[in-house]
Amino acid sequence: MLPRKCGIRFSSIIRAVGLASILLLLLPIALQAEQNSNHVVCRDEVSPERREQLAAKLRNITGLPDLNFDDKGILRLGGRTPLAGSESARALLANAINGRNVVVVEDSSNSSEVAFCRVIPARWRQHATDLPPAFVIQIDFADFEQVVGDERALEAFNVGWGFLHELDHVVNDSPDATALGDSGECEAHVNQMRRECNLPERADYFSTLLPIDEGAFRTRLVRIAFEQPLPTANKKKRYWLVWDANVVGGQEQTAVAALR
Ligand SMILES: [Zn+2]
């Protein structure tokens with residue numbers, strides 16, 4: 001969700017990551033997903049509280065009142081028709097569930113490697129040629145608790161939005177931005193969902209250092225802007241989110257942020 005190795009396409013990034021980052025998955029997860037023809041599933045280690053935390057945000061974004069993770073950890077969208085919410089987010093989730101790839105949700109809270117969320121390729125523990133490609137979406141739930149800022153921007157940047165960002169990489173092979181001043185193709189898809197929810201859009205993919213004298217602080221405060229057009233004027237209202245990059249972690253973020 002935040003800067004990692006910059007590549008051209010998401011698939012190029014996956015090739016560049018190499019074997020070092022590949023996780024070994026338990027085979028039962030694949031069989032579970034295959035038998036249920038539903039390709040988004042939580043790892044057993046993700047607690048019921050964390051599953052519900054993610055499901056609640058996704059219910060809010062999609063408007064699907066019955067969306068949840070069932071007792072096997074499999075994502076269910078439910079049958080009831082939504083009254084509101086993002087149509088694009090519903091389509092993305094449906095494409096992921098019915099898609100070729102298996103997506104496994106992992107709790108990576110308090111990991112210094114993961115800034116909010118990231119997705120990495122995985123490999124099955126037992127060699128089998130008929131198993132589908134697999135990806136792990138790692139979520140650092142604790143990072144989202146570090147973010148402060150404008151209420152409207154906080155609504156547009158939570159664990160649900162982070163999950164959808166990573167899912168878009170897997171389903172649509174969409175790349176992130178490579179330069180400041182751009183939100184990137186992946187976030188453009190997520191911004192469409194924010195528009196459908198009447199929320200401000202993420203204006204930049206990269207966070208930037210807060211313009212303060214950091215010499216006096218141990219923190220490394222960074223910020224990201226969200227913008228929404230004002231209905232009566234040809235202007236946009238800007239909302240800010242701020243967090244301490246030293247606490248949130250991630251490898252590339254602070255180096256790029258230093259460019260401002
Ligand atoms: Zn991304």
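The values are calculated or read from the model by the stated rules, or taken from the named source; none is laboratory data. It should be emphasised that the depicted structure is a prediction, and the values quoted were computed from it without experimental measurement. Reconstructed Cβ throughout: ideal geometry from the backbone, glycine too, with neighbour counts over all protein chains shown. Surface areas here come from the heavy atoms of the whole protein model, side chains and all, with no ligands, DNA or RNA. Shrake-Rupley method; radii C 1.70, N 1.55, O 1.52, S 1.80 Å.
Here are the numbers for the structure shown:
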read-out	value
Accessible surface ranking that places the most exposed of TRP124, TRP240 first, with a 1.4 angstrom probe	TRP240, TRP124
Sequence of ARG195, ARG51, ARG118 from largest to smallest accessible area, 1.4 Å probe	ARG195, ARG118, ARG51
Per-pair calculated FRET efficiency, R0 = 30 Å: ASN172 and LYS236 via Cβ, rounded to 0.05	0.70
Inter-site label distance for ASP182 and ASN98 at 7 Å from Cα along Cβ, in nm	3.2
Net charge contributed by nearby residues that have their C-beta within less than 9 Å of ALA156 (K/R +1, D/E -1)	+1
Virtual paramagnetic centre 7 Å along Cα→Cβ of ALA84, amide N under 20 Å, in the range 46-71	54-68
Gap separating the Cα centres of the range 220-252 and the range 57-82, nearest whole Å	29
Using θ = phi - 60° and Karplus 6.51 cos²θ - 1.76 cosθ + 1.60, couplings along the range 132-139 (whole Hz; Gly, Pro as x)	x, x, 10, 9, 10, 9, 8, 10
Proximal charge balance of SER86 [Cβ under 15 Å; K/R count +1, D/E count -1]	0
Extension gain (nm, one decimal) between SER37 and ASP71, 0.36 nm per residue minus Cα-Cα	10.7 nm
Amide hydrogen neighbours beyond the local backbone of CYS117, cut-off 5 Å, H modeled	LEU2, ASP140
Contour minus Cα-Cα distance for ASN198 and ALA56 (0.36 nm per residue)	49.3 nm
By accessible area with a 1.4 Å probe, ligands and nucleic acids excluded, highest first: order of ASP140, ASP244	ASP244, ASP140
